[in-house]
Structures are given as structure tokens and as C-alpha cells.
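Taking it in order: structure first as C-alpha cells, then the write-up.
The values are calculated or read from the model by the stated rules, or taken from the named source; none is laboratory data. Quantities reported herein were computed from a predicted structural model and do not represent experimental measurements. Using ideal geometry, Cβ is built from the backbone for each residue, glycine included, and neighbour counts are taken over all protein chains shown. Surface accessibility is based on the protein's heavy atoms, side chains included, excluding ligands, DNA and RNA. Shrake-Rupley method; radii C 1.70, N 1.55, O 1.52, S 1.80 Å.
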Amino acid sequence: QVQLVESGGGLVQPGGSLRLSCAASENIVSDNAVGWYHQSPGKERELVAFITRGGTINYAESVKGRFTIFRDNAKKTVYLQMNSLKPEDTAVYYCNTYPPSLYWGQGTQVTVSS
């Protein structure tokens, strides 16, 4: 079973930055489109950004200009660099293929608060 493990979350003040990592157990990063998703309390899980096998990137309107998705195929890892964080970015962040498979990892909590 392919595993995607998220890490890098934490507590940060508004305006701060975090870098999330999504490490894969197989070559899913180089062979598939991979996305970052988030879920806030009481809300459905939403797509934040994705990067295709060919390098095409797309962002949700709410994070454009602040978040950057990129990958390192050699490390089998996809990253999400989050800058200028806002309280509304608070959520559990997950990575998965894009479109998502049925398997979801534990996610990593991001809390933006002063």
C-alpha cells in the first residue's frame, strides 16, 4: 500500500511561514499528480494546490501568491511552502494524489494564531 506521510505543521503567528512535507513510500511523486488538501473544523476537505507529473501547478484562489507547491523526485517528497499565513489557513493539511485516492494519511495540523 502506498503511503504518503505529512509533516511540518505547527503553531505560527499571522504573517508567518511554514513548510509542509509529503513523503511517499514509492514513486508516487514522480509518477502521479499530487495535491495538498486542507480541512477546517466543520468544513469539508478542500484542495489547496496540486502539481502534475509534467509540472503543471494550480492553486486555490485563497492561497494564490502565498503558497508554493514543489517536489523533489529524488526524495519522493512534495512540499507546500506557506507564507503570509492567515488565521483562516488553520486546518489539518493532507497530501494525496490528484484526484485523491481513497486512502488518506493522518495529516498535519497547522494553526495560525497570535
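So here's what we get for this one:
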| item | result |
| --- | --- |
| Filter result for Val63 (touching a Lys or Arg at 6+ places or on another chain (Cβ under 8 Å) and open to solvent by less than 20 Å² (accessible area, probe 1.4 Å)) | no |
| Those residues of segment 72-90 which are over 13 Å from Leu18 (Cα atoms) and buried (at least 19 other Cβ atoms within 10 Å of the Cβ), in sequence order | Thr77, Val78 |
| Test for Thr68: is it within 13 Å of Trp36 (Cα to Cα), under 11 Å from the mean Cα position of the chain (by Cα), surrounded by 13 or more Cβ atoms within 10 Å (Cβ to Cβ) and free of Cβ contacts under 8 Å to residues at least 24 places away in the same chain | yes |
| Close pairs (9 angstrom Cβ cut-off, 6 or more residues apart or separate chains): open to solvent by 60 Å² or more (accessible area, probe 1.4 Å) in segment 1-30, aromatic (Phe, Trp, Tyr) anywhere | Gln1/Tyr103; Gln3/Tyr103; Arg19/Tyr79 |
| Residue match in segment 57-67 (condition: of a type in the set (D, E, K, R), under 20 Å from Gly10 (Cα atoms) and in contact with a Ser or Thr (Cβ under 7 Å, 6 or more places away or on another chain)) | yes |
| When residues of segment 91-114 are limited to those that are of a type in the set (A, V, I, L, M) and open to solvent by less than 30 Å² (accessible area, probe 1.4 Å), the one farthest from Ser30 (Cα to Cα) | Val112 |
